[in-house]
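In what follows, a structure is listed as structure tokens, so that the remarks can point back to it.
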Amino acid sequence: MRREFSLRRIRCTFLALSAFILNGCSHPQADIIRMGDWAQEICASTGIEQFEQKAPYFLNVTEEDPCYPAVQALVEWGVIEPDAGFQPDEVLTREWTAYTLINLAGETAESSSSVLKDSSQSRFPKQVERAAAFGLMPADERGKFHPKAAVEAAEARQALVRITE
């Protein structure tokens, strides 16, 4: 029996092969962390877990949210300010990583001079400057921190380990 090739079958085969080839050629997605997960990782690494206020500090982080206890505790420990605008489902950025880790370390004093060309683009310029000055999260070869860029999970976790040690 002879197989008939329909235009539909050819089109489906072409689309499937194209998707397969394009998927194989794309750059691998960097391992990222969501901000809510980051809050939980900080608490797990440091043992920060107690909080007193039951009312959520952020309206978008309710008691049903898995990161609620971590966020509440981090606010009460001064790692996150209540007016910081925490978004648990957003990707963790370099500025938020610097902000949380420098606040965790209690190192928010003014740095003597700005070493970064783009710290003014950050919501947390003091923490970004301190993170770069400590070598916790270095700038690139042009002296830029890229505060709005997503941070890779490995870099964030490595910085957390350095702060907690």
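A compact table of results
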| quantity | calculated |
| --- | --- |
| Condition met for GLU76 (within 27 Å of PHE134 (Cα to Cα), modelled with pLDDT of 95 or more and within 20 Å of the chain's Cα centre (by Cα)) | no |
| Residue selected from the stretch 64-99 under the condition in contact with a Ser or Thr (Cβ under 9 Å, 6 or more places away or on another chain) and in a helix (DSSP H, G or I), by the criterion surrounded by the fewest Cβ atoms within 10 Å (Cβ to Cβ) | TYR68 |
| Subset of the stretch 134-153 (residues that are open to solvent by 70 Å² or more (accessible area, probe 1.4 Å) and more than 10 Å from LEU101 (Cβ to Cβ)) | PRO138, GLU141, ARG142, LYS144, HIS146, LYS148, GLU152 |
| Residue identified as in contact (Cβ under 8 Å) with a residue 40 or more places away in the chain and not in a loop (DSSP other than H, G, I, E, B) among ARG157, ARG130 | ARG157 |
| Some residue of the stretch 103-125 being at pLDDT 90 or above, small (Gly, Ala, Ser) and not in a loop (DSSP other than H, G, I, E, B) | yes |
| Test: GLU52 is open to solvent by 60 Å² or more (accessible area, probe 1.4 Å) and modelled with pLDDT of 95 or more | yes |
| Some residue of the stretch 88-108 being in contact with a strand residue (DSSP E or B) (Cβ under 8 Å, 6 or more places away or on another chain) and in contact (Cβ under 8 Å) with a residue 60 or more places away in the chain | yes |
| Filter pass, ALA156 being more than 18 Å from SER45 (Cα to Cα), open to solvent by less than 50 Å² (accessible area, probe 1.4 Å) and of a type in the set (A, V, I, L, M, F, W, C) | no |
| Which listed residue is out of contact with any Pro (no Cβ under 7 Å at 6 or more places or on another chain), over 16 Å from ASP37 (Cβ atoms) and not hydroxyl-bearing (Ser, Thr, Tyr), from PHE86, PHE124 | PHE124 |
| First in the stretch 42-63 and under 15 Å from ILE80 (Cβ atoms) and without any contact (Cβ under 8 Å) to a residue 40 or more places away in the chain, second anywhere and open to solvent by 50 Å² or more (accessible area, probe 1.4 Å) and among the β-branched types (Val, Ile, Thr), Cβ under 7 Å, 6 or more apart | PRO56/THR62 |
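The values are calculated or read from the model by the stated rules, or taken from the named source; none is laboratory data. In this text the structure is predicted, and so the values were computed from the model without any measurement. No Cβ is skipped: glycine too gets one built from the backbone with ideal geometry, and neighbour counts run over all protein chains shown. Ligands, DNA and RNA are stripped out before the accessible areas are found, and what is left, the full protein with its side chains, is counted by its heavy atoms. Shrake-Rupley method; radii C 1.70, N 1.55, O 1.52, S 1.80 Å.
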